[in-house]
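Undergrad: Got a structure here, written out as structure tokens. Questions coming.
The values are calculated or read from the model by the stated rules, or taken from the named source; none is laboratory data. All figures in this text were calculated on a predicted structure; none of them were measured in a lab. Because the Cβ atoms are built from the backbone with ideal geometry, glycine has one as well, and the counts that use them run over all protein chains shown. For the accessible areas, the whole protein counts, side chains as well, though only heavy atoms, and no ligand, DNA or RNA atoms are used. Shrake-Rupley method; radii C 1.70, N 1.55, O 1.52, S 1.80 Å.
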Amino acid sequence: MRRIPRVRTFALAALLSASAVCRAYAGSPSMQEFTQIERGRYLSILSDCAGCHTVPGGKPFSGGRPIETPFGNIISPNVTPDLETGIGAWSDDQFDAAVRKGIGRTGAHIYPAMPYNAYTRMSRDDVMAIRAYLNSLEPVRQSRNANTLPFPFNIRSAMSVWNALYFTAGEFKPDPTKSAEWNRGKFIVEGPAHCGACHTPKTLLGGDRADQYLQGANLQGWSAPDITNNRRTGLGSWTAEDVALYLKTGHNRAAAATGPMAEAVELSTSRMRDEDTKAIATYLKSLPGNTDQAGPAAVDANVMAAGGAIFRDQCSACHGIEGKGVPHLFPALAESTMVHSNDPTTAIRMVLRGARSVGTKAEPTAPGMPSYGWQLDDRQIAAVLSFVRNSWGGAAAPIDAAEVTRVRSDTALRND
Ligand code: HEC
Ligand code: HEC
Ligand code: HEC
């Protein structure tokens, strides 16, 4: 639900680091206040508030970023403590209602492009800590432009119908039969980190399909893969360490984060504490996913032969003839859930346009994937990806040239 920025500000990175809080509060006598602000800073990282509320290159948290939804763009507001254009004059109750219930200051509904349906799992204390952190920042004076939603989605009251269908308010309740680590992971995934906003399939109205929780979804010209532990379409072949490493560094032996996930890694997961990325991994690895989906039909032998030839010629130098790649440099396509995803949009897009993965503190240099859109036609790209999806023990529906054509024209319209 957001645009993919290519530029990241140094200011934003600095702001999200603890030292900025120390600087902001240097000289403040109240240790208690400092502890709360520091807790709020960390919760805002788990929640990635800065991602949506900052224009790439602009002043952190001052809003103005268009958040792309299937119904139109929604401009994010200014949440710095400016009294007139920000949240400076809001009461604590108003702030809490906005973040956890989707009710704006005037009582009107907030659009679910702001993930209040996930943030509702946080406690009021959590949200007050986030507010304390935001209040410690410099106020920025900046009003927002009008939204561009089409009728009927431009009527805020329509959101009460949406809420009735898709929103369940309420704090996270730990499951006493599960470990503390599992519960922490579930809280972060469902609550602040709102992983389902991108990874859970949506209804036509943009609500979560709860029965397909985290089983992969399409957004902004990308597909976010199944991140349950499903063996064929999900993270089944990844260890918990693989998952945690991916979240921490943006890479592991199987995959590299790009597009909206690169942003989530850069601003949020790579800045999480190690025990939190581990907790997320433990929780995701416990989800069976959809175990009764039928396996795909066998792929035409001619397509496999043509795709195999292109793979050897064009791809194997980096990804390896056995699809094993080179750890942390070139993804092991054999083990990538994205490659085997029911929705191949991201894989197609990456072959067409190439990709440069995220650089993180742990792994600053990001290797690049060349673009083949000008070199291979739609049938050839369909063939090589059908081959990759059905080799080295993998099985996934073949890709049709028409799907490549669709992604080619869809991504041509976007300049991100
Ligand atoms: C996925 C993008 C996204 C994320 C992440 C996000 N927001 Fe928002 N937020 C929005 C959008 C878009 C709106 C405006 C919605 C509308 O106009 O109805 C909004 C509205 C708000 C408002 C209401 C402000 C006003 O002037 O009406 C507050 C307060 C707010 N967000 C705080 C937060 C906090 C705190 C976090 C992190 C815990 C956060 N947001 C994370 C997109 C996001
Ligand atoms: C803003 C949307 C967005 C959010 C939020 C998001 N993801 Fe993703 N994620 C994606 C997209 C798109 C991809 C596919 C692109 C890629 O693999 O680089 C992806 C890929 C992944 C992958 C890699 C799978 C593979 O085989 O390549 C994992 C694991 C993952 N996400 C986990 C998470 C977790 C855990 C969270 C919450 C902490 C999360 N994501 C939040 C959009 C998102
Ligand atoms: C010069 C080395 C190189 C060559 C040649 C290459 N790739 Fe890649 N590929 C990469 C790198 C690096 C990434 C990770 C980049 C990222 O995710 O941003 C990647 C990522 C991918 C991914 C996404 C995997 C995931 O889960 O993140 C797919 C699919 C892919 N390549 C397919 C291909 C195909 C098909 C070919 C041949 C037509 C090919 N690549 C040729 C380097 C290469």
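Undergrad: How many residues are buried (at least 19 other Cβ atoms within 10 Å of the Cβ) and in a helix (DSSP H, G or I) if we restrict to the stretch 382-402?
TA: Looking only at that region, the number is 8.
Undergrad: Another question, then. Wholly within the stretch 254-314, which helices (runs of 4 or more DSSP H) include no fewer than the required count, namely at least 1 residues that are touching a helix residue (DSSP H, G or I) at 6+ places or on another chain (Cβ under 9 Å), within 12 Å of ligand 3 (Cβ to nearest atom) and open to solvent by less than 50 Å² (accessible area, probe 1.4 Å)?
TA: In the stretch 254-314, 259-267, 301-310 are the helices (runs of 4 or more DSSP H) which contain 1 or more residues that are touching a helix residue (DSSP H, G or I) at 6+ places or on another chain (Cβ under 9 Å), within 12 Å of ligand 3 (Cβ to nearest atom) and open to solvent by less than 50 Å² (accessible area, probe 1.4 Å).
Undergrad: Among the residues of the stretch 307-337, which ones are among the hydrophobic types (A, V, I, L, M, F, W, C) and over 18 Å from GLY373 (Cβ atoms)?
TA: Answer for the stretch 307-337, where residues must be among the hydrophobic types (A, V, I, L, M, F, W, C) and over 18 Å from GLY373 (Cβ atoms): ALA309, ALA317, ILE321, VAL326, LEU329, PHE330, ALA332, LEU333, ALA334.
Undergrad: Right, something else. Can you pull out the residues in the stretch 53-71 that are of a type outside the set (Val, Ile, Thr) and open to solvent by 20 Å² or more (accessible area, probe 1.4 Å)?
TA: Selection gives HIS53, PRO56, GLY57, GLY58, LYS59, PRO60, GLY64, PRO66, GLU68, PRO70, PHE71.
Undergrad: Would you confirm, using the coordinates I've provided, whether ALA193 is open to solvent by less than 30 Å² (accessible area, probe 1.4 Å) and part of a loop (DSSP other than H, G, I, E, B)?
TA: Spelling it out, ALA193 is indeed open to solvent by less than 30 Å² (accessible area, probe 1.4 Å) and part of a loop (DSSP other than H, G, I, E, B).
Undergrad: Could you say whether any residue in the stretch 171-185 is crowded, with 23+ Cβ neighbours inside 10 Å, touching a helix residue (DSSP H, G or I) at 6+ places or on another chain (Cβ under 9 Å) and not aliphatic (A, V, I, L, M)?
TA: yes
Undergrad: Hey, another quick one. Do you know which residues across the stretch 68-100 are of a type in the set (D, E, K, R) and more than 14 Å from ALA132 (Cβ to Cβ)?
TA: If the condition is that a residue be of a type in the set (D, E, K, R) and more than 14 Å from ALA132 (Cβ to Cβ), then GLU68, ASP82, GLU84, ASP93, ARG100 are the ones that fit.
Undergrad: Restricting to the stretch 206-229, name every residue that is more than 10 Å from ligand 2 (Cβ to nearest atom) and within 13 Å of LEU284 (Cβ to Cβ).
TA: Scanning the stretch 206-229 gives TYR213, GLN215, THR228, ASN229.
Undergrad: Considering every residue within the stretch 239-249, establish whether at least one is crowded, with 23+ Cβ neighbours inside 10 Å, near ligand 2 (Cβ under 10 Å from one of its atoms), in the same structural domain as THR291 (by TED's automatic domain parsing) and assigned to a loop (DSSP other than H, G, I, E, B).
TA: Within the stretch 239-249, none of the residues are crowded, with 23+ Cβ neighbours inside 10 Å, near ligand 2 (Cβ under 10 Å from one of its atoms), in the same structural domain as THR291 (by TED's automatic domain parsing) and assigned to a loop (DSSP other than H, G, I, E, B).
Undergrad: Condition check: at pLDDT below 95, within 12 Å of ligand 1 (Cβ to nearest atom) and out of contact with any helix residue (DSSP H, G or I) (no Cβ under 7 Å at 6 or more places or on another chain). Does ALA164 satisfy that?
TA: Here the answer is no, as ALA164 does not meet what is asked.
Undergrad: Additional query: With the requirement that a residue be in a loop (DSSP other than H, G, I, E, B) and either under 29 Å from GLN220 (Cα atoms) or among the hydrophobic types (A, V, I, L, M, F, W, C) (or both), what does the stretch 171-190 give you?
TA: PHE172
Undergrad: Can you spot a residue in the stretch 89-99 that is surrounded by 15 or more Cβ atoms within 10 Å (Cβ to Cβ), out of contact with any Pro (no Cβ under 7 Å at 6 or more places or on another chain), farther than 17 Å from SER44 by Cα and at pLDDT 95 or above?
TA: yes
Undergrad: On to the next question. Evaluate the following for ALA132: is it assigned by TED's automatic domain parsing to the domain that holds ARG39 and either in contact with a Leu (Cβ under 8 Å, 6 or more places away or on another chain) or more than 16 Å from ligand 3 (Cβ to nearest atom) (or both)?
TA: Judged against the criteria, ALA132 is a match.
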